[in-house]
1. For the range 14-102, take the convex hull of the Cα atoms, compute a quarter of its surface area, and give me that in nm², please.
2. List the residues whose amide H sits under 5 Å from the amide H of residue 362, counting only those 5 or more places along or on another chain, with H placed 1.01 Å from N in the peptide plane.
3. For the range 770-869, what log10 I(q)/I(0) values come out of the Debye formula at q = 0.23 1/Å, with one point per alpha carbon and no solvent?
4. If each of residue 403 and residue 714 carries a label point 7 Å out from its Cα toward its Cβ, how far apart are those two points in nm?
5. Quick check on packing: order 195-201, 148-154 by the mean number of other C-beta atoms within 10 Å, highest mean leading.
6. Which whole-number percent gives the relative contact order of the range 716-868, counting Cα pairs below 8 Å spaced six or more residues apart?
7. So, in nm, how far is label residue 635 from label residue 153 when the simple model puts each one 7 Å beyond its Cα toward the Cβ?
8. Using 1/(1 + (r/R0)^6) with R0 = 25 angstrom and r between the beta carbons of residue 593 and residue 675, what's the FRET efficiency to the nearest 0.05?
Amino acid sequence: MALALKLYQRRALESLEKFFEAARLGNAADAFAACVDEGLPETYKPMPGLPAVPYACLRIPTGGGKTVMGAHIIQSAGRALLEREFPLVMWMVPTTQIKTQTLEAFRDPRHPYRQELDGAFDGKVAVFDVADFAQIRPADIGTKVCVVISTVAALRVTDKEGRKVYEHHEDLEVHFAGSTRDLGYLDKGADGKAVASFANLLKLHGPLVIMDEAHNATTPLSYAVYERLGPRAVVELTATPDVSSSNVLASVSAFELKAENMIKFPVVLKEHKDDWHAAVSSAVARRKSLAKTALDESEYIRPILLVQAESARGAATVEEVKKHLVDIDGVDEKVIAIATGDQREIDGIDLFARDCPIEVVITKQALKEGWDCSFAYVFCSVAQVHSDKDIQQLLGRVLRMPYATRRRQDAMNKAYAHVVTDSFGKAAGELTQSLLSIGFNPLEAAAAIRREAPQLPLRGGETTPAPPPTTRIEVRKEPDLSGVPARDAERVVFKSNEDGNGGVVEITGEIQPETVEAIVLTAPPSKRDELAAKIEHHLDLAAAAKAPSELGKEFRVPRLYSIEQGELELIDRGMVAAGFEWDLLASPPDLSSFRFNDDSMTFEVDLDDHTVHYHQVKDDVATYLPGFAQDRTDTDLIGWLDHEIRDPSIRQPVLREWLHRAVRNLLDERGFSLAQLLKGQFILRRKLEEQLLQAKDRAYRQGFQQALFDSGLEIVASDEPGHAFTYPADMALYPAHSYYAGAYRFRKHYYPIPGDLKNSGEEFECAQQIDLLDDVEFWVRNLVHPSQFWMPTSKQRTYPDFVAKLKDGRLFVIEYKGGDRFTADQEKEKRLVGDLWAKHSDGKGLYLMAQMTDDKGRGVREQLLAAIE
């Protein structure tokens with residue numbers, strides 16, 4: 001049964017099809033700029049050697065189902081770009097192992113990949129190994145989708161002599177009948193006729209090239225391969241694109257995968273200091289615990305442990321790890337499989353089958369690509385973590401979610417990693433970097449790691465969220481933890497006294513009620529209330545160590561509305577009164593800076609659609625000017641400007657009169673000749689466009705301020721649900737590009753870590769002062785993003801730097817400005833709007849535009865306190 005596409009897959013495919021359609025009608029660069037995801041670089045990088053060929057990349061994190069999108073990519077390309085019902089496709093992969101697996105999947109009518117192809121093309125599909133290209137018949141091309149699967153290495157050679165795909169082949173001669181052999185773009189033989197080669201066959205039909213795991217194919221030699229194949233389009237699929245050379249059209253977030261239940265999330269990391277034996281034993285215990293939990297799942301799951309052993313020169317070799325598993329941990333040898341370059345004990349085995357016994361797979365790096373088993377839950381690296389790229393791929397093997405369905409029990413929704421380290425906290429940074437390398441963004445990677453004591457840093461620096469508290473409680477006997485959640489069993493540690501009578505329970509972080517009850521039952525009935533009170537106090541401390549968002553605290557901020565006929569209308573950027581009009585003729589253009597010097601002010605201007613590209617050039621006036629203006633008048637110049645300069649808010653007769661006055665002023669008052677103006681007409685057009693935009697901005701700023709302050713409009717700052725802005729409690733929805741990593745630990749930030757905040761500087765100091773205020777309950781670094789809190793201005797939305805909730809319930813909005821920007825017109829308007837928001841908040845809002853030192857000589861802290869008081 002074919003798989004239903006996930007929302008993020010549909011989104012990426014829609015962007016790709018729009019790109020194909022736009023590229024067919026125009027050029028790839030403009031098409032890319034028009035279709036690229038918001039926030040991604042818009043600059044298009046043409047493919048070396050094939051600048052006109054549409055070339056785009058879809059970034060899909062590991063576990064996101066890149067391959068299953070292939071059928072839809074082929075269909076979109078055929079429909080929107082190639083204009084072919086049945087395209088010819090070169091499906092490129094980096095390794096022979098992945099090629100074998102991809103071939104098996106596409107040839108198996110029961111596999112979802114093949115079912116997607118059959119469903120898209122009504123079963124008219126032919127799949128070929130590149131080694132079998134001679135089997136492609138003329139009748140196949142055009143009546144079926146022909147998918148040829150190949151490694152890049154099979155085609156990537158510096159000298160194409162001796163490679164079968166570039167050589168003449170008798171079985172392909174039938175494809176080159178008649179005049180086809182004379183086509184100029186085909187490789188020719190000694191007789192001047194086209195060689196009947198597979199490479200020429202591809203050039204003849206202009207294939208779609210799909211490059212899977214494209215981060216392995218961005219070398220000059222790889223691009224040379226593309227050029228030899230004559231593609232009509234190239235699409236890259238990868239979790240980690242090379243942004244210096246790839247055109248990332250659509251980028252899928254790892255959190256989108258989580259939302260669609262494609263990956264296990266987060267990754268629970270346990271570190272073991274300098275002891276690989278403990279790491280393996282702990283990982284085995286984890287797998288056993290998960291296996292027990294899995295019995296209560298509605299679908300069959302057999303959790304698998306993946307162990308990365310050291311090379312033959314290390315202590316924890318494959319053989320030593322297996323010996324430890326059998327002799328120390330009591331693992332049955334029958335459930336252990338070894339997958340290395342020499343031993344392939346999982347080849348041909350269906351790991352999902354109920355009768356498959358395998359529970360542990362030992363490898364070194366042989367599984368790093370192309371191995372896909374969602375039953376893999378636990379990853380154990382017995383080597384010291386040293387930024388090994390193999391760990392990146394091995395980690396990806398345990399992220400896929402079984403059946404792409406969220407599990408009923410929370411433990412089964414997570415992946416688990418056990419690593420050996422020589423310094424606590426080091427592994428988390430490496431593991432986070434590994435997540436970055438398989439397609440997570442930095443904030444996602446930080447949020448993905450869940451420590452098991454000790455505390456781990458998120459990414460570099462010294463900053464970490466406050467570690468969960470640990471409480472030691474004396475008890476009379478060891479608590480029975482057999483029925484508590486697996487997570488709690490690791491958070492509660494019993495250490496017996498030397499005399500064997502009782503001991504101490506160490507509780508770290510939060511625990512569930514059933515765990516509390518198990519500990520309380522160790523005390524006699526008369527002492528249980530006292531013990532319960534101690535545990536309750538610990539839980540209060542644990543809750544206090546969490547960020548407000550993690551505690552589910554609501555963070556709601558009023559927004560500005562106008563009341564019209566009893567209805568609330570959100571005030572957005574550029575709002576003006578219903579009868580607003582502006583008079584362009586009252587704003588004649590300021591052309592005082594317009595100069596023309598024949599010796600040094602000549603520009604070459606290229607007009608591309610409505611975009612002007614110009615640069616200064618040396619010019620011989622004697623060869624350029626004579627005769628240039630003989631048949632053109634000032635009316636012609638005004639008519640040309642009138643055609644080029646457009647604004648839907650201005651009636652054309654008014655705009656033409658404005659242009660007429662500008663040209664006459666230059667001719668009559670400034671003394672320019674008509675020939676000079678005609679020669680500099682593109683520069684004049686640009687200058688007039690700037691003046692028109694400035695006049696419009698001034699008019700709308702006045703109209704905006706009149707509407708808000710002088711029109712009698714009824715305004716409120718509503719904090720009612722549905723009208724107020726609410727920060728989401730899920731940090732996954734906090735859209736930071738980077739996150740704070742300095743030495744100071746913020747205690748009151750709404751999320752565990754502030755986003756887009758540097759480790760020093762004036763904004764950091766302002767944030768620090770907010771965090772230190774006793775009046776503040778919590779605050780947030782408000783980001784410049786459409787999903788964050790904003791206020792309107794005449795031209796755009798403005799995003800205040802900080803929003804704080806005070807302990808008395810008021811909301812405090814703080815904008816920080818350096819002294820050089822504080823008095824700018826735009827900042828003055830922001831202050832006016834901020835003060836208006838506070839004025840109409842019914843006492844619930846405060847606004848401050850702070851600076852390092854204000855006109856009263858007060859520092860940031862004093863300004864904050866004065867605003868609060």
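1. On the way: hull surface 27.5 nm².
Dividing the Cα hull surface by four gives the mean projection, 6.9 nm².
2. Here the answer is 307, 337, 338, 339, since their amide H atoms fall under 5 Å of that of residue 362.
3. One equal scatterer on each Cα of the range 770-869 leads to -1.41.
4. Modelled inter-label distance: 5.6 nm.
5. 195-201, 148-154
6. Once normalised by length, the contact order is 18 percent.
7. Between residue 635 and residue 153, the simple spin-label model gives 7.6 nm.
8. 0.75
Read the figures in this text as sums done on the coordinates, not as results from a lab. For clarity, every value in this text was computed on a predicted model and none was experimentally measured. Virtual Cβ from ideal backbone geometry, glycine too; neighbours counted across all protein chains shown.
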